[in-house]
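The values are calculated or read from the model by the stated rules, or taken from the named source; none is laboratory data. Source: prediction; values computed, not measured. Counting neighbours? That spans all protein chains shown, and the Cβs are built from the backbone with ideal geometry, glycine included. Only protein heavy atoms, including side chains, enter the accessible area calculation; ligands, DNA and RNA are left aside. Shrake-Rupley method; radii C 1.70, N 1.55, O 1.52, S 1.80 Å.
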Amino acid sequence: MTRRATRAGRRGGEPPASQRVGELQARQQRDEQRIALRALLMQPLMGPAHDDFPAVRRQAEVLREWFARETGWTLHVERDGARLYKRPGDLRDATRGLPGYDRRRYVLLCLACAVLERADPQITLHLLGERVMQWAAEPALAARGFVFTLTTAAQRRELVVVCRTLLELGVLQRVAGDEEGFVNENGGARSDALYDVQRRALSGMLAAVRGPSTWAPAESPSTFDERLQSLVAEHVPDSDDGRRSALRHRLARRLLDDPVVYTDSLDADTQGYFANQRGAMALRLCEATGLAAEQRAEGLALTDEAGTLTDVAMPAEGTEAHVTLLVAEHLAKGVRAGVRAGVTEEAIAAFLRGAADRYGRFWRKSAREPGAERELARIALERLIELRLVEREADRVRPLAAIARFALGEAELRQRTSPGTSPGTFPGALPGASPGASAGDAPGDTAGVGSLF
C-alpha cells in the first residue's frame, strides 16, 4: 500500500491512465450524442449524405431510447437514412411549416409525392409535371378551386420549388439537367431534369400517426381541426402513469420546438404538471441538447447560445433582422415600464419611419425608400410572432413577457478584421447592436427585468 501511495504522490494524485482514457471516451460519447440529437431536431428526415449522419448511426440506440422516453417520438435509423417522427406539441401554431409554402404549394407537394410513389426509379421533371397536372384535375380538387397547369412560367416555377424541396430532403437526387431551363423554356423536352427517386426517404415524408387514406369516406373527419387532430392522435393508457407521460411528452415537444412556453398558454392539467416538473424537465432536456434554461414566473424558455438550433435567429444579420431587433427593443421599453397595451401595425411602421433617419445608412437601399416601412413592419412582426415575443389581438399587436430580454446598444463601426466580413462593420455584429451581444443581452441585466424574461 505504501508503494502504491508513493507512486500516486509522484504523479501529483492523477488518476490512472486507464481511468483518464475511460473518462475521455465517455465525454466524447456524450458530445457525439448531443451533436446527433441536435442534428435530428433540425433535420428529422436525414439522408446518408448529411454531415452528422454517421454520428446518428453510431448513437442510434441511445437516441431512440431518449426520444421515446422524453418526447414520445419514434426514431428509425437505417443504413440509408434516419427519420425522427416529430409531431408538434401545439397544433394551433400556424407559424410552422416550410418557408414560402402556403396551402396551394402544400397540395402540389402532396401530389408530387403521390406521383413519385407510383413512378419508376427515375423520373424527369417534365414527366413529373404532367402527372401532377393529371392528378390536379381530380374533381375533389377542382371543386375547391385548385387549378394547376404547365402553361405559365409562374406555375412551372411552383413545381420547381416543390422539386427543390424534395431535393433538399433527399427524396430526389438530380442525375442531369437543370430546373431553371424548365421554367424558362415552356417545359419542353430540350429543357428538362432527370432525378433518381429515393423511396426510403419518400416513405418517411409523412409523420402522421395514421395516414389520411386509411379513413373510410363515411368515417372521415369533417372539419379542418378534426382532420388535423386525427393525423396525430396517439393512444394514451387509461392510468395515472399514462396520463403523466402524455403531459410530459406534450411539454417536452413544446420546449424543444418553441422559443418559449408561457404558463398561461397551457390548459389546467398541463399547468399543474408544468409547475411541479418544469425544473426537472429543463435539467434533462438541457443536459441532452446543450440548451440553457431560463425560468421565470411567466414560463420557461430553452435558449441556444450557439444559435444553430433554430430556424429563426435573433439577433441575426441583414436589414430585416436589424429592423426586427429595433421593433423588439421599442416594444420592450413599454413592457419594462409596465405598459402591456397593444400597438397597431401602423404605429410600428411610423416608428420605423423615424428609425430610418438614424439607422437607415446600415440598411439596403430599397428599405430606405418612402413607404418601405410598411413592408418592414410586416416582416418584423411576423418574425416576432414566430419567436413568441408578440401576439396579434384583432387589429393590434401585444408584446409578450419574453420581449423584455432585448435591448440595443449604440452602433459601432470597426475595420474589417477577418476575411469575409463586410468592410467597416464589426464581424458578427448587427448595426445598432452591441458587438458580441447575444439574444437577451440587456444593459447591466442579462437575466431580464423583475419576473420578466
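Checked against (1) part of a loop (DSSP other than H, G, I, E, B); (2) open to solvent by 30 Å² or more (accessible area, probe 1.4 Å); (3) farther than 30 Å from L247 by Cβ, A119 passes all but condition (2). Residues in the range 195-228 that are open to solvent by 90 Å² or more (accessible area, probe 1.4 Å) and assigned to a helix (DSSP H, G or I): R199, R200, S213, F224, D225, E226, R227. In this structure, L150 does satisfy being over 29 Å from F53 (Cα atoms) and touching a Lys or Arg at 6+ places or on another chain (Cβ under 6 Å). There is at least one residue in the range 265-275 that is surrounded by 19 or more Cβ atoms within 10 Å (Cβ to Cβ), in a loop (DSSP other than H, G, I, E, B) and not β-branched (V, I, T). Exactly one residue out of Y106, Y101 is among the aromatic types (F, W, Y), open to solvent by less than 90 Å² (accessible area, probe 1.4 Å) and either at pLDDT below 90 or part of a loop (DSSP other than H, G, I, E, B) (or both), and it is Y101.
Of E70, E23, E61, E32, all but one fail to be open to solvent by less than 30 Å² (accessible area, probe 1.4 Å) and out of contact with any strand residue (DSSP E or B) (no Cβ under 6 Å at 6 or more places or on another chain); the exception is E70.
Select, from P54, P88, the only residue that is free of Cβ contacts under 8 Å to residues at least 40 places away in the same chain, more than 30 Å from E180 (Cα to Cα) and open to solvent by 20 Å² or more (accessible area, probe 1.4 Å). Unique residue meeting the criteria: P54.
Going through P399, P315 one at a time, which residue ends up being in contact with a helix residue (DSSP H, G or I) (Cβ under 9 Å, 6 or more places away or on another chain) and at pLDDT 90 or above? Steps first, please.
Values: P315 fails: at pLDDT 90 or above.
Only one candidate qualifies: P399.
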